[in-house]
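Single-structure report; data block below.
The values are calculated or read from the model by the stated rules, or taken from the named source; none is laboratory data. Since the model is a prediction, treat every value here as computed from it, not as a measurement. All Cβ positions, glycine included, derive from the backbone under ideal geometry; neighbour counts span all protein chains shown.
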Amino acid sequence: MSTASAVSPAPTNTEQSRKRFYRPELDLLRFLAFLLVFAHHAISDFFPNHSILTDIGKACGSGLQLFFLLSSYLITELLLQEREKTGSIHLRAFFIRRALRIWPLYFCFIGLSLLISKTTHFTIFTTRQFLFYLLLAGNWWTVFHSFIPTVIGPLWSISVEEQYYIVWPLIGRTGARRGLWAACILFLILSTATLIFLGHSFAPRYAVWANSFVEFQYFAVGAILALILHNRTLSLPTHLRPVLLIVACVLLYIAQWRFHIVSDRGVGATALVLGYGLFTFGVILLFLGFLQARVPEAAKPFIYLGKISYGLYVFHDLSIRLIDRAAIRYSGDVFATLKCFAALAVSMVLAMLSYRFLELPFLHLKKRFTFIPSRVD
């Protein structure tokens, strides 16, 4: 089947509803991933002098890797289903879907940031930094220059995801399952070799944390899970799921407490490999603890928050900084806790507005290029 035919008439609503792939528990997991990332930055800003909280906050950085794993699992599963349904993976339709989902909010946010930088005394972006982010290479700016200490800083991760989205469907189309397996193994080997190389030179955290070759291990693991679990049911006893989540939290904490992989100082090769290994096992257990779990009716608000987690991620650092600046006169643990909740609330409001008025119209367009519907918006 040609790529051009991939974007011809979409299936009817009846066909879509019969063949829809949607797992609401993974939207809950998305919201958890956001909360981890939010805690990672909020604890650093609001509780800078608490040693135990600091380690917990740094371990919460694993929320980003959880996003990567989850994204790869879903993309791979949908590509496998599309190939089974249509006999091919339709590259043009895939790239259009990804652009409609990611680009509107992303480019609006970085464009507005550049405009503010050029027209006010607030410097969010330099022109050179903007060009890296515009070309979806923001993570490589970070690798070579350090994190950008403004609200735009966390968006380097969007570049990593977009780089993965360029490569993965090409591999899936040409190599099918064998090609995907081979690519996953190659990514894991390449990631380990990169960690060893960076560890031997005691590279700073930003050179490791934002490196595509390092982070691709989480995309590889997500894809492996999709390949293994495709068309299978994960039958886990209900009482085992909390155990998996607890063990995951312990592994993530040990990765930071013992191996300091999220510390600002350089870490040796052995510590990097072992620490990232624990991070990987931790996020796998978090994923398995949620996958195919029964979702209670009371969880619907959190499912919605998972659905808008992209906006939550984009706006969370801005919200933290706004609240910190607005309440700069207030200090102490009680006020720090209140600031955290206020920043979380602001993030939610901004994400809801963004989803309703900016993202949703593009998501409706995205349906025209969709073969395996995944969610009712």
Quiz item: If you take the residues in region 218-227 that are of a type outside the set (Val, Ile, Thr) and more than 13 Å from the chain's Cα centre (by Cα), which one is surrounded by the fewest Cβ atoms within 10 Å (Cβ to Cβ)?
Solution: 227
Quiz item: If we keep just the residues of region 22-65 that are of a type in the set (Phe, Trp, Tyr) and touching a Leu at 6+ places or on another chain (Cβ under 9 Å), which is surrounded by the most Cβ atoms within 10 Å (Cβ to Cβ)?
Solution: 34
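For every residue, the table says whether it meets (1) assigned to a loop (DSSP other than H, G, I, E, B); (2) modelled with pLDDT under 95; (3) among the acidic types (Asp, Glu).
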site	(1), (2), (3)
263	yes, yes, no
270	no, no, no
278	no, no, no
284	no, no, no
294	yes, yes, no
312	no, no, no
317	no, no, yes
Quiz prompt | Condition broken by residue 367, with the remaining ones in (1) outside any helix (DSSP H, G or I); (2) more than 17 Å from residue 31 (Cα to Cα) satisfied | solution = (1)
Exercise. Determine whether residue 159 is small (Gly, Ala, Ser), crowded, with 18+ Cβ neighbours inside 10 Å and over 16 Å from residue 208 (Cα atoms).
Key: no
Exercise. Any residue in region 184-199 that's more than 21 Å from residue 265 (Cβ to Cβ): show its pairings with residues that are part of a helix (DSSP H, G or I) and β-branched (Val, Ile, Thr) at Cβ separation under 8 Å, as long as the two are six or more apart or on different chains.
Key: 184/221; 184/224; 188/221; 191/214; 192/273
Exercise. Specify which of the listed residues (187, 132, 107) is more than 26 Å from residue 276 (Cα to Cα), surrounded by 15 or more Cβ atoms within 10 Å (Cβ to Cβ), among the aromatic types (Phe, Trp, Tyr) and under 22 Å from the mean Cα position of the chain (by Cα).
Key: 132
Quiz item: Quick one: residue 322 ticks every box in (1) more than 30 Å from residue 243 (Cα to Cα); (2) within 24 Å of the chain's Cα centre (by Cα); (3) in contact (Cβ under 8 Å) with a residue 40 or more places away in the chain bar one, so which box is it?
Solution: (3)
Quiz item: What are the residues in region 211-253 that are among the hydroxyl-bearing types (Ser, Thr, Tyr) and either in contact (Cβ under 8 Å) with a residue 60 or more places away in the chain or under 22 Å from residue 277 (Cα atoms) (or both), if any?
Solution: 212, 218, 253
